[in-house]
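Worksheet: one structure, shown below.
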């Protein structure tokens, strides 16, 4: 999951490990971390999707 950026602007990630068949728990943890830290950034070359046009 995204964990920030280096001073040079390169992305840094964190890998989560969990118990067997606990993917839902890992996704909840990753989503909560992402929402709390706001480390994720849209790639500069990603086109805007129709349903995202009003969000930006």
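The numbers here are math on the coordinates, done by the rules we state, and not lab data. These figures come from a predicted structure and were not determined experimentally. Positions of Cβ are backbone-derived with ideal geometry, glycine not excepted, and every protein chain shown enters the neighbour counts.
Below is a table of values for the structure above.
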| read-out | value |
| --- | --- |
| Nearest 10 degrees, 0 to 90: helix 23-37 Cα axis against the chain principal axis | 50 degrees |
| Value at 222 nm in deg cm²/dmol, rounded to 500, when DSSP H runs of n ≥ 4 in the chain each add -39,500 (n - 2.57) | -9000 deg cm²/dmol |
| For peptides 12-22, 30-40, sequence by mean Cβ density within 10 Å, most packed first | 30-40, 12-22 |
| Normalised convex hull volume, the chain, alpha-carbon set, Å³ per residue | 121 Å³ |
